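The values are calculated or read from the model by the stated rules, or taken from the named source; none is laboratory data. Bear in mind that the values here come from a model prediction, so they are computed numbers and not experimental data. Cβ atoms come from the backbone with ideal geometry, glycine included; neighbour counts cover every protein chain shown.
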Ligand code: FEO
Ligand code: CA
Ligand code: CA
Ligand code: CA
């Protein structure tokens, strides 16, 4: 303690010792503490019941915090820093650890529909720097689930390829799902990526040159059997053959208006969207960077047709809420300059898929470019990357960081300078530098700032030669107020035998590339979020799928409440794991 309220406290820390993959504990640096501020099942909406894991219902879950929190932001809403909005995605569900054996199938399926989507929750605290408390039943609290209505906008809205029996207009979709990473816009909305939507549909499938096959849709793809409860999940029928086309978008939500209708933006293309992060170019155009998280898939850029209006007047806000509805999509090609210089680097170009909002891909209409974006991109030969996850511009430097999480399928023959390792189990991070700092020109330079792994042969840490923390499978990225890069990981338990974690990496100066581990998450969990409020000494992470390989009766994690085995949990508690949002502060 010691710092006065409102005084900057920063985040000095000594890197933690990385825990082995079996440790079921949060580990934070000496001098810090962690608190779970929101857990799966916590009541959010007015009248929501207390969490009762043995007796879950769809109605209760739809009013409670959802499962598997991934994207996270904490948006302050008062000048004193005593109120905020927490906005979070709920990517997917781990039925094996959520429900007691014997839960009726329809109850289970409808409950997990309600556990997907997003949450908006008001937070409060006495003074800046304190741990936040969530406010049950607060005015702006909101759950978005697979039943929430979305508007489809942009050039492909109303396309016959988006029409179904339930929606003959092709302009209105019920729900969002598999929401992975995201980004908060300068106008205060939140963007969220619909990622592995294919795993919920029974489909016909086909070769990788067909619309269904290229998106991983196929006959065996619906192990959750959702179609047994709602026919829209059966895309082999004439009524719902287009339902999969209504997922795989970037969605935009206004967290300040719980009555607003969230939007699916067709102008930003359809693929397995990890997320989208926006920067305002010097000319006012808004540029979004996006990854398609699949082995050998691509990095994309969206440039808005219109320019951002400053300020928060109703008129400016209404204008800015349309910025992502029209613009141009392009896809990245990375060219290496050879490895004789000892580093993976080179130049690159953004290959247009649309210009003036219209397709420039031979053989593809504009609607086809936007709905079958992967096939359109294949036609212009971008660089096949090692699973591009979060792609985020630094508002500090204007450089863009791409987390390529891993790709164990890349063969020695498929290695190139931007993806330099075969059987890449540890991943790497690409740094992209727009020409003249201009995000709307079609050229850039690039280098691999990190080639991840346990330090040693084949790894690279931005040229830093001192000790670094081992790091593998970079997934989400964020920046602190000084422009340092923070990376959270997903996959270290299987790649390097360590629990996943959160790492700080300076990107400038003599410590460029010095990876320092700040925290580790419990057994089975992936580290998501992250949000770095370094000026007030706070770090937030979303702890996703703790103990995912256990069962309801035999948990492999007891995070975050660590109810002792064999004891009866108190009301609102659970002996098993609960995905939760964690705040780390000075102790
Ligand atoms: Fe949901 Fe690409 O991680
Ligand atoms: Ca080189
Ligand atoms: Ca991710
Ligand atoms: Ca991941």
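Residues in region 267-285 that are closer than 26 Å to residue 438 by Cβ, in contact (Cβ under 8 Å) with a residue 40 or more places away in the chain and away from ligand 3 (no atom under 16 Å from the Cβ): 267, 268, 269, 278, 279, 280, 281, 282, 283, 285.
How many of the residues making up region 525-558 are more than 18 Å from the chain's Cα centre (by Cα) and within 16 Å of ligand 1 (Cβ to nearest atom)? It would help to see each step written out before you state the result.
Looking only at region 525-558, we keep the residues that are more than 18 Å from the chain's Cα centre (by Cα), and these are 533-538, 547-558.
Within this subset, residues satisfying the condition of being within 16 Å of ligand 1 (Cβ to nearest atom) are 548.
Going through region 525-558 one residue at a time, the tally reaches 1.
Select from region 404-418 the residues that are outside any loop (DSSP other than H, G, I, E, B) and within 16 Å of ligand 3 (Cβ to nearest atom) and write down the one among them that is surrounded by the most Cβ atoms within 10 Å (Cβ to Cβ).
We begin by selecting, within region 404-418, every residue outside any loop (DSSP other than H, G, I, E, B); these are 404, 407, 412-414, 416.
With within 16 Å of ligand 3 (Cβ to nearest atom) added as a condition, the list becomes 404, 407.
Working: 404: 28, 407: 23.
It comes out as 404.
Considering region 427-471, and only residues there that are within 16 Å of ligand 3 (Cβ to nearest atom) and part of a loop (DSSP other than H, G, I, E, B), the residue that is surrounded by the fewest Cβ atoms within 10 Å (Cβ to Cβ) turns out to be 427. Scan region 134-147 for residues that are crowded, with 19+ Cβ neighbours inside 10 Å and under 30 Å from residue 304 (Cβ atoms) and the total you get is 5.
Per-residue answers, yes or no, for (1) out of contact with any helix residue (DSSP H, G or I) (no Cβ under 9 Å at 6 or more places or on another chain); (2) over 18 Å from residue 145 (Cα atoms):
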position	(1), (2)
14	yes, yes
30	yes, yes
33	yes, yes
38	yes, no
69	yes, no
72	yes, no
88	yes, no
99	no, yes
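Please verify whether region 387-403 includes one or more residues that are farther than 19 Å from residue 278 by Cβ and not in a loop (DSSP other than H, G, I, E, B). No, there is no match, as no residue in region 387-403 is farther than 19 Å from residue 278 by Cβ and not in a loop (DSSP other than H, G, I, E, B).
Only one entry of 330, 344 meets the criterion of being more than 16 Å from ligand 4 (Cβ to nearest atom), buried (at least 21 other Cβ atoms within 10 Å of the Cβ), within 23 Å of the chain's Cα centre (by Cα) and modelled with pLDDT of 95 or more, and that entry is 330.
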